Amino acid sequence: MATEPKSTPKTHTTVHTFHAQHETFPYTALAGWQPLFEQEKPVAEIFHVAYLRQDSDSESQRRPLTFVFNGGPGAASAYLHMGALGPKRIQFGPNGSLPPSPVRLVDNAESWLSFSDLVFVDPVGTGFSRALPKDSSDAQKSAEPSQPKASPSAPAAKAEEPPKEAPFWDVERDLKSLGEFIQGFLSRHKRWLSPIFIAGESYGGFRVARLAKELQAKFGVGLSGAILISPAIEFSLLETNDYNLTTWMALFPSYVAAAAHHGLSAWGQDLAELLPKAERFAQQQLLPLLAMGEAMPEVERQAIYQEMAAGIGLTTEYVAQKGGRIDIHSFARQLLRSQRQVVGLYDASVTTVDPFPDRPTFEGSDPTLEGLDRLFTAAINSHLRETLQVDTELTYHLLNFEVFKGWQFTLKGESKQGFIGAMDELRASMALNPHMQVTIHHGFYDLVTPYFASNHLVHLMKLDPRLKANLTLRHYRGGHMFYTWDPSRLEWFAAMQQLYGEAASREAT
């Protein structure tokens, strides 16, 4: 791997004016690096962008402060930054359609800056965040050109060493890094008495669920709210195999929603009526079918296959062949196959042409992942380097697959085997802090982290009645990034504005 130039750990400060929601106010944008330490020595630099309303010190203390991160693992915060929450956002089509290049940035009337200061955090290995050499001698060695050995019998070159960021790529070290960053930011900017919120998307939602407990129990950071956006909370619900029942149940309502969007569900098109029916079917008919398998009489199985096929827009023969277990890749290709189109995994309302229709599996690019790279890469680089005047030769890693491939999900000292999860930590954090608000949001057309998985988990939480009012589920038209849909972003903004307003009222009493 080529050695990248080291960033300069300075903060770039610019002043701007926010215009939205019938109000105007000045704010400061801080873009820079904050060090992480081990044994009082810097080991990494976390790049972040903070937007802080210009207020008096006493007013700043009362103003909410939200720390925002995305997921992956390996994703930078640019998705939420430039897609939904920041003062500038990408202009998508009204229903989240991908615009042509070059990308267009517009003032974001739905920026959360209107009710909260914002800090967008890039974990180590994403964005401009990097690990530092172990010591100055290592740095010197890395800067010196290697010299060939004189001996012709020198051993073969060693395999390429893992990136210096690799030690940060595990569940525990990642959470520790984020906790240390938040502590450091609160100290540097004298914001320990502000109402603190954390918001994360996808794997970032997993981070939020875990951090909700860790920040309060290990770092002394009290939370007013935890916001999970299209979260992956329990990874067992993402695994599809013959022996896992719940995943298939959780996916079914999103399949129905996608089929209805494309006019292929025989059950109808009104999601308000359609989805409750799909949820009941998944729990009361599909789940028993999956549990019983061939122990269920053939006639009953065929009746369920027929009803299931009608709901999700596929043939009864195909559903029966799959035994009711239809993975997201198969569904994405099969739904519109007669039209030579494939639906997106992260937003099944989005389609693309299948470039290889005669091959047994889809070998093209997913339009809702790879299709977004050109938009967010251009947007974040333009915004950081031009508007916020960040001066660095580093490459901004929007989605670093090296992080994703190298991620260690096993917890040190964890005796449990199997898939990692965060629901227990979220439940414990709500009991630890009975004032903390938790809110979970999904898009109906997301096949990767389906909304009904979170509904299912919430129904199993056994929350004390005194805590139930602190948790809300809200879902929207759209996919994994439902906020790219104009109506959904407006609806979400209104819900969050209400949440923060109620939190501010509680703080005042």
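The values are calculated or read from the model by the stated rules, or taken from the named source; none is laboratory data. Fair warning: this is a prediction, and the values are worked out from it, not measured in the lab. Please note: Cβ atoms are built from the backbone with ideal geometry, for glycine as well, and neighbour counts cover all protein chains shown.
For every residue, the table says whether it meets (1) out of contact with any Ser or Thr (no Cβ under 9 Å at 6 or more places or on another chain); (2) modelled with pLDDT of 95 or more; (3) loosely packed, with under 13 Cβ neighbours inside 10 Å; (4) of a type in the set (Phe, Trp, Tyr).
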{"residue": "Val350", "(1), (2), (3), (4)": "no, no, no, no"}
{"residue": "Glu363", "(1), (2), (3), (4)": "yes, no, yes, no"}
{"residue": "Pro367", "(1), (2), (3), (4)": "no, no, no, no"}
{"residue": "Thr387", "(1), (2), (3), (4)": "no, yes, no, no"}
{"residue": "Thr392", "(1), (2), (3), (4)": "no, no, no, no"}
{"residue": "Gly413", "(1), (2), (3), (4)": "yes, no, yes, no"}
Checklist entry - What is the one condition in (1) touching a strand residue (DSSP E or B) at 6+ places or on another chain (Cβ under 9 Å); (2) surrounded by fewer than 23 Cβ atoms within 10 Å (Cβ to Cβ); (3) in contact (Cβ under 8 Å) with a residue 40 or more places away in the chain that Gln341 does not satisfy? => result (3)
Checklist entry - Given the conditions (1) surrounded by fewer than 12 Cβ atoms within 10 Å (Cβ to Cβ); (2) part of a helix (DSSP H, G or I), and given that Leu375 satisfies all but one, which numbered condition is not satisfied? => result (1)
Checklist entry - In the set Ser236, Ser254, Ser224, which member is within 22 Å of the chain's Cα centre (by Cα), touching a residue at least 12 places away in the same chain (Cβ under 8 Å) and surrounded by fewer than 16 Cβ atoms within 10 Å (Cβ to Cβ)? => result Ser236
Item to check | Answer residue from the range 304-325, given it is assigned to a helix (DSSP H, G or I) and hydrophobic (A, V, I, L, M, F, W, C) and is farthest from Gly268 (Cα to Cα) among those | outcome: Ala320
Checklist entry - Is it the case that Thr410 is of a type in the set (Val, Ile, Thr) and without any contact (Cβ under 8 Å) to a residue 40 or more places away in the chain? => result no
Item to check | Selection from the range 460-484 of residues that are of a type in the set (Gly, Ala, Ser) and in contact with a strand residue (DSSP E or B) (Cβ under 8 Å, 6 or more places away or on another chain) | outcome: Gly478, Gly479
Checklist entry - Taking only pairs six or more apart or across chains, which ones have beta-carbon atoms under 7 Å, a first residue in the range 1-19 that is of a type in the set (Asp, Glu), and a second residue that is at pLDDT 50 or above and not in a strand (DSSP E or B)? => result Glu4/Leu394; Glu4/Thr395
Item to check | Selection count, the range 492-509, where residues are more than 10 Å from Glu110 (Cβ to Cβ) and at pLDDT 80 or above | outcome: 6
Next on the checklist: Among the residues in the range 453-467, are any crowded, with 18+ Cβ neighbours inside 10 Å, within 22 Å of the chain's Cα centre (by Cα) and free of Cβ contacts under 8 Å to residues at least 24 places away in the same chain?
Outcome noted: yes
Checklist entry - Here are some residues: Glu279, Glu214, Glu180. Which one is out of contact with any Cys (no Cβ under 6 Å at 6 or more places or on another chain), assigned to a helix (DSSP H, G or I) and farther than 30 Å from Glu40 by Cβ? => result Glu279
